[in-house]
Amino acid sequence: MEDTLVHAISTNGHIRYMALTSTQVVETARKIHDLLPTSTAALGRTLSVTLMLGAQLKDKDGQVVVEINGHGPCGTIIAIAKNDGTVKGMIANPNCDDVYPENGKLAVGKVVGTDGYLSVSRESYGHTPFVGKVKLQSGEIGDDFAYYFALSEQVPSVVSVGVLVRGDNSVQSAGALLIQLMPGHDETDIETVEKSIATLPPVSNLIDSGTDAQGLIEMVDAKASILSSMPISYRCDCSKQRFHDALASLPKDELKELIEKDGTIEMQCHFCNRKMVFTKDDLADLLYAN
Ligand SMILES: [Zn+2]
């Protein structure tokens, strides 16, 4: 089943739904970063919700940058998405593997921690980024995004996000459902949402049993109108040129020092692990081009 993001709206236009399946996105992230289960869940949940934020962007050259740091053992998590359904991300410590003793579930809140912030930066070309920042609530990611939507964007929201990991550490299922109350909503809409989510099983279980993104929405609102559907994927847009530009922005003394000390330098992308090598000649060209 291809990873898909579906956008829908209730018949009265008061409730917006976004749902996605992200099993392959999260499995790709796991393989790139060689993640252990709780790091997989923490990064996977972040990638999934960031994809929905990215899909809400109007500017095709824009991006959403999410950063979470609760000072827990997994360290900083970063995810970056665009409105074409692509996302990339990283987690400082890929080796977190911890479960809650009471239920055996992956202890995402424990490895993320709550002593810190969730920040969302919407960046569009030629404009100052719009940044919202909230204190982490539980570190479980879903709750923290719900709090962000309510506080920073004044949109009451329900965020259900989950990642199931197999015994061999590979990703069994992943996905998310976002329900947002639009301006003009009333008490009845609030009751409708509360009733629809009260008995909803975890999204990762639903996806595991074969429910697709549209199916997730239909479980909470069978009459919702589907507005769009698009494939989503993990993709890094790094290039040698970008690294070249980063090197070119270094002060000349530092460049000179690099040439004298190492001759060649190797740089690695934090999002896809691709390695870029710059030879002594490349560095010298940079030095004299400025
Ligand atoms: Zn890359």
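We did not get these values from a lab; they are worked out from the coordinates using the rules stated. A quick note: this is a predicted structure, and the numbers were derived from the prediction, not measured. Note that each Cβ is placed from the backbone with ideal geometry, even for glycine, and that neighbours are counted across all protein chains shown.
How many nm separate the modelled label positions at Lys31 and Ile197, each set 7 Å beyond the Cα in the direction of the Cβ?
3.4 nm
Starting from a Cα-only point model with no solvent, please compute log10 I(q)/I(0) by Debye for the chain at q = 0.07, 0.16 1/Å.
Evaluating at q = 0.07, 0.16 Å⁻¹ gives log10 I(q)/I(0) of -0.29, -1.25.
Output ³J(HN,Hα) for the range 163-179: one whole-Hz value per residue in order, computed from phi by the Karplus curve 6.51 cos²θ - 1.76 cosθ + 1.60 with θ = phi - 60°, and x for Gly and Pro.
In residue order, the calculated couplings are 9, 9, 10, 7, x, 8, 6, 6, 8, 7, 6, 7, x, 8, 9, 10, 10 Hz.
Counting other Cβ atoms within 10 Å of each Cβ, which GluC sites (Glu not before Pro) in the range 1-110 have at most 12 and sit in a DSSP loop?
Listed in order of number, the matching sites are Glu2, Glu102.
For the chain, what is the charge dipole size about the Cα centre, in debye to the nearest 20, if Lys and Arg each add +1 at the Cβ and Asp and Glu each add -1 at the Cβ?
The calculation lands at about 300 debye.
Between Gln154 and Met230, what is the label-point separation in nm under the 7 Å Cα-to-beta-carbon projection?
2.7 nm
Would you mind checking the tilt of helix 252-261 against the longest principal axis of the Cα atoms of the chain, expressed as 0 to 90 degrees and rounded to 10?
In the chain, helix 252-261 runs at an angle near 70 degrees to the longest axis.
What's the local net charge at Asp212, with K and R +1, D and E -1, over the other residues with C-beta under 14 Å away?
-4
Could you tell me what percent of the DSSP beta bridges with both partners in the chain are antiparallel, to the nearest 5?
In the chain, DSSP labels about 95 percent of beta bridges as antiparallel.
Taking only Cα atoms, what is the 0 to 90° angle, nearest 10, from helix 23-33's long axis to the longest principal axis of the chain?
Once rounded, the angle reads 30 degrees.
Could you give the distance between the Cα centres of the range 168-245 and the range 41-80, to the whole Å?
14 Å
If r is the Cβ-Cβ distance from Thr114 to Arg274 and R0 is 45 Å, what FRET efficiency results, to the nearest 0.05?
Working: r = 34 Å, r/R0 = 0.75.
Efficiency, from the Cβ-Cβ distance: 0.85.
Once the piece of chain linking Glu187 and Ala222 is laid out straight, how much longer is it, given 0.36 nm per residue of separation minus the C-alpha distance between them?
Extra length from Glu187 to Ala222 when fully extended: 10.6 nm.
For a Förster distance of 35 Å, can you work out the FRET efficiency between the beta-carbons of Ser249 and Tyr100, rounded to the nearest 0.05?
That gives a FRET efficiency of 0.20.
What does the helix-only formula give at 222 nm for the chain: each DSSP H stretch with n ≥ 4 adding -39500 (n - 2.57), the total divided by the residues, and the result rounded to the nearest 500 deg cm²/dmol?
About -10500 deg cm²/dmol.
Provide the FRET efficiency to the nearest 0.05 for the Asp281-Asp61 pair, computing r from the beta carbons and using R0 = 41 Å.
After rounding to 0.05, the efficiency reads 0.80.
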